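Each remark here refers to the structure printed beneath this line.
The values are calculated or read from the model by the stated rules, or taken from the named source; none is laboratory data. These numbers were taken from a predicted model, which means no experiment stands behind them. When we count neighbours, we look across all protein chains shown, and the Cβ atoms used for this are built from the backbone with ideal geometry, even at glycine.
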Amino acid sequence: MKTKDFNGELRINEIFISIQGEGNFAGFPCFFIRLSGCNLRCTYCDTKYAYEKGSTFSIKELIERWSKSKIYLVEITGGEPLLQNDVIPLMDFFLSQGCTCLIETNGTISLKPLSQQIVKIVDWKTPGSGFHKSFHEENLRYISSNDQIKFVITSKEDYLWAKNKVISKKLFYLCTVIFSPAFGLVKPSQLAKWILEDNLEVKFQLQLHKTLWGDRPGV
């Protein structure tokens, strides 16, 4: 694919380079594109600034920004990136260039149109988020072993709810399952203790970027 083949545009909140802070690629340099707009309003959201604020970029402009970075790990995030249709050809372009392309999505929109090569990081909302009924379980059909399902845990009740989902849906057979403590709401050591006590087949995760730079945009 060549940049001349793209005529779409996207509403973008921020573009930045950082250390990947979450998931199976944590620790690697990553080129991030954060799209504006979200269809949820989670209680613990740490990117409320992406709800509305943003500027329009053509796909050609985004590709030019990426090409200067020389970074082949790319994450598309939000907000909820799948609200904007032109994000899919952008991700397909990154794949065509040999990139590892990640998308972080809240699981409320179908994953069917996405290439199997795209690494999907799906945030299954817990009761503590206020949106635990928003996940489309049909999306489990489109998740492969390269993907990740993440539960952000705000309380012991969230943990027990998420544990039930992991076991009843046998999620550990589908992909990596991640439990992450909601920043400032659950002590990381407490969540780790619950996981160990239950011998639960999940990956404990802290947000590395917040450890490095704190809770702020652009990291």
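A few points about this structure:
- Hits in the range 88-107 (condition: part of a helix (DSSP H, G or I) and out of contact with any strand residue (DSSP E or B) (no Cβ under 6 Å at 6 or more places or on another chain)): Ile88, Pro89, Leu90, Asp92, Phe93, Ser96
- Some residue of the range 20-39 being at pLDDT below 95, surrounded by fewer than 19 Cβ atoms within 10 Å (Cβ to Cβ) and of a type in the set (D, E, K, R): no
- The strands (runs of 3 or more DSSP E) located wholly in the range 6-60 that include 2 or more residues which are in contact with a Lys or Arg (Cβ under 6 Å, 6 or more places away or on another chain) occupy 9-19.
- Asn139 assigned to a helix (DSSP H, G or I) and more than 22 Å from Phe16 (Cβ to Cβ): yes
- Of all residues in the range 75-134, those satisfying the criterion of being among the charged types (D, E, K, R) and farther than 21 Å from Glu22 by Cβ are Asp86, Asp92, Lys112, Lys133.
- Residue within the range 76-87 that is β-branched (Val, Ile, Thr), touching a residue at least 24 places away in the same chain (Cβ under 8 Å), part of a helix (DSSP H, G or I) and within 18 Å of Asp123 (Cβ to Cβ) present: yes
- Taken together, Ser110, Ser115 contain a single residue that is in contact with a His (Cβ under 8 Å, 6 or more places away or on another chain), on the phi < 0 side of the Ramachandran plot and in a loop (DSSP other than H, G, I, E, B), which is Ser110.
- Qualifying position, being surrounded by fewer than 21 Cβ atoms within 10 Å (Cβ to Cβ), hydrophobic (A, V, I, L, M, F, W, C) and under 28 Å from Leu171 (Cα atoms), among Ile109, Ile63, Ile121, Ile71: Ile109
- Single residue of the range 155-165 satisfying the filter (surrounded by 20 or more Cβ atoms within 10 Å (Cβ to Cβ) and either of a type outside the set (Phe, Trp, Tyr) or at pLDDT below 95 (or both)) that is farthest from the chain's Cα centre (by Cα): Asp158
- Listed by first and then second residue, the pairs with beta-carbon distance under 8 Å, at least 6 apart or on different chains, first residue in the range 164-191 and basic (Lys, Arg), second part of a loop (DSSP other than H, G, I, E, B), are Lys165/Trp124.
- Scope the range 187-219; condition under 30 Å from Ile15 (Cα atoms) and part of a loop (DSSP other than H, G, I, E, B); matching residues: Gln205, Leu206, Gln207, Gly214, Asp215, Arg216, Pro217, Gly218, Val219
- For the range 98-117, filtering for residues that are more than 24 Å from Lys53 (Cβ to Cβ) and touching a residue at least 40 places away in the same chain (Cβ under 8 Å) leaves 1.
- Test: residue in the range 170-182 that is under 27 Å from Asn13 (Cβ atoms), of a type in the set (S, T, N, Q) and exposed (fewer than 12 other Cβ atoms within 10 Å of the Cβ): no
- Lone qualifier among Thr154, Thr126 - being among the polar types (S, T, N, Q), in contact (Cβ under 8 Å) with a residue 40 or more places away in the chain and within 20 Å of Thr47 (Cα to Cα): Thr154
- Subset of the range 90-127 (residues that are under 17 Å from Arg11 (Cβ atoms) and touching a helix residue (DSSP H, G or I) at 6+ places or on another chain (Cβ under 7 Å)): Leu90, Ile103, Thr105, Ile109
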